[in-house]
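Working notes, beginning with the structure itself.
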Ligand SMILES: CC[C@H](C(=O)O)C(=O)SCCNC(=O)CCNC(=O)[C@H](O)C(C)(C)COP(=O)(O)OP(=O)(O)OC[C@H]1O[C@@H](n2cnc3c(N)ncnc32)[C@H](O)[C@@H]1OP(=O)(O)O
Ligand SMILES: [Co+2]
């Protein structure tokens, strides 16, 4: 069902400071910086050598990522897998009894996305991504 790992999401307090750390000290390269108002976050995608991370900072105290920061502090927030057909993947996961956050996909930065609840995957939130045809 999963084609490949697309990115690992990391929640941070200060997006700018975390970009500096990952680029200047850890050697990552900044790919893009985006605002995602529907999710009340801003994010940066960074290349780490055949791997991508997404640094995410909440823009509002009511967002899920702000709760995550308050309860758990900074750290790994989700792993994102690319799928060919997100509707089919969600249907399969639902039939297998998995608890989903999204029963239908929503629009993400690079395509259609949907989240599996972390309680269904032993404490790890899984993001599914069906990339837009023009996305890389
Ligand atoms: C799509 C754009 C972009 C991209 O890749 O292109 C992104 O990735 S944006 C990423 C940010 N978006 C989201 O996180 C959307 C999905 N998340 C949610 O809907 C909520 O945050 C949810 C449902 C995971 C949790 O919210 P809820 O209001 O239900 O409750 P709490 O926040 O109080 O948490 C309940 C419970 O779950 C644990 N939890 C929450 N988040 C995570 C997590 N990321 N990983 C592991 N566990 C998580 C939290 O600690 C609570 O546990 P408890 O034992 O009850 O204390
Ligand atoms: Co993500």
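All of the numbers you see were taken from the coordinates with simple rules; none came from a lab. Small disclaimer: the values here were computed from a predicted structure and weren't measured.
Things to note:
- Global geometry of the stretch 74-125, whether rounded, prolate or oblate, following the gyration tensor of its Cα atoms and the 1.5 cut on a/c: oblate
- Relative contact order (%) - criterion: Cα under 8 Å, at least six apart; region: the chain: 24
- Note on the stretch 1-78: the alpha carbon radius of gyration divided by the globular reference 2.2 N^0.38 Å gives 1.08.
- Alpha carbon centroid spacing (whole Å) that separates the stretch 6-52 from the stretch 115-136: 17
- For the stretch 81-136: relative contact order, % (alpha-carbon pairs under 8 angstrom, 6 or more apart): 37
- Enclosed volume per residue, in Å³, of the convex hull spanned by Cα atoms of the stretch 4-131: 105
- Mean residue ellipticity, 222 nm, helices only, the chain: the sum of -39500 (n - 2.57) across DSSP H runs of n ≥ 4, divided by residue count and rounded to 500, is -5000 deg cm²/dmol.
- For the stretch 27-84: relative contact order, % (alpha-carbon pairs under 8 angstrom, 6 or more apart): 23
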